[in-house]
Amino acid sequence: MGTPLQSTANHMDVLVIGRNCLDYIAVVERLPAEDEKAPLAFRFVEGGGQGGTAACCVARLEGRVALVGKVGEDDEGARCLDRLHAFGVDTRFVEIVKGGRTPVAYLFVTKKNGRRTIIYEPNQLPKMELTREHLAMLSSANAVLLDPETTYLAETVKRNAGPHTRIIYDCERWKPGVDQMMALADYFIPSATFLESRPLANGPMEFCQQVRRLNNDIKGQLIVTRGEDGAFYPHDGRLYRVPTPVVRAVDTTGAGDNFHGAFALAISFGFELHRAVRFAVATASLSCRDYGGRQGLPDVREALAVTGQIKEEIVCGPR
């Protein structure tokens, strides 16, 4: 049975390159202060990592997606793979590192507002190197999504991308190589906190001015995510905002990753910019309905229906 986003191509709609980890999630009524105690409402385990979650999002939306990444040869790595398989992600390019340890993260979700606090383990697995097989897939994919752990791959990805492959970069914080991504990515998507990064700081500045200043350094399209305020992007001299739909959010874990996954899929199917951002905001917002970042993901029909209910608005006019 066909879907509104069905592909007739024999290659991947989206190739995701990025991190996998295992999330240990604790839901609490409130976060305790230091040296305090607080009762646990409930806990569970879910696959995590920006790349892994974004890939699950694409698959849930019925896109063809493969993930390039690494996990350790341990129980945590096996659980990450199990969750990827459950969503239908192609994991043939996920390397199991012999003797390696899969990173984990501890997430504390506040029950009353769905906000989460994360303590993560830095990835100690070897850096990813793209093989000839990876590059062949990269050259034929409609879109490639790079997460923050893959910043160093900017030039390799750009050099080997196909003429119709669009590069989307999930920017978390300033790090070496980000300036290269600014110059090479077709879509550079940071969160609003990136605007406060030290290399960009230039004294007090309104949000609109901050976005425009960053946009001057971006060769491709800039999109800034801002949590419950939605997403902002400059286009034709104006700054647009796509507001979030009304959703009862219980957990914002993975919302940003799902935004990037949904946006990459939308671009791979040729959505114009305004509709692609609306689709990404709709998907990310709906994913907050359940705990863990993946269980609340909508199917493609629901995502498209909510997309049609959202309208972008101009928040800053021409300069």
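For the reader, a short list of remarks on this structure follows.
- Qualifying residue in the stretch 99-110 (condition: of a type in the set (Ser, Thr, Tyr), in a strand (DSSP E or B) and within 18 Å of the chain's Cα centre (by Cα)): no
- If you go through the stretch 260-294 and keep only what is over 20 Å from Glu228 (Cα atoms) and part of a loop (DSSP other than H, G, I, E, B), you end up with Phe269, Gly270, Phe271, Glu272.
- Any hit, the stretch 119-126, residues being at pLDDT below 95 and in a strand (DSSP E or B): yes
- Among all residues of the stretch 36-53, there is at least one that is under 26 Å from Arg115 (Cα atoms), without any contact (Cβ under 8 Å) to a residue 12 or more places away in the chain and either touching a Cys at 6+ places or on another chain (Cβ under 6 Å) or among the acidic types (Asp, Glu) (or both).
- Any pair with Cβ under 9 angstrom, 6 or more apart, that starts in the stretch 54-81 at a residue that is over 13 Å from Arg294 (Cβ atoms) and modelled with pLDDT under 95 and ends at one that is charged (D, E, K, R) and part of a helix (DSSP H, G or I): none
- From the options Asp179, Asp229, Asp236, Asp217, residue that is in contact with a helix residue (DSSP H, G or I) (Cβ under 6 Å, 6 or more places away or on another chain) and surrounded by fewer than 16 Cβ atoms within 10 Å (Cβ to Cβ): Asp217
The values are calculated or read from the model by the stated rules, or taken from the named source; none is laboratory data. Quantities reported herein were computed from a predicted structural model and do not represent experimental measurements. Reconstructed Cβ throughout: ideal geometry from the backbone, glycine too, with neighbour counts over all protein chains shown.
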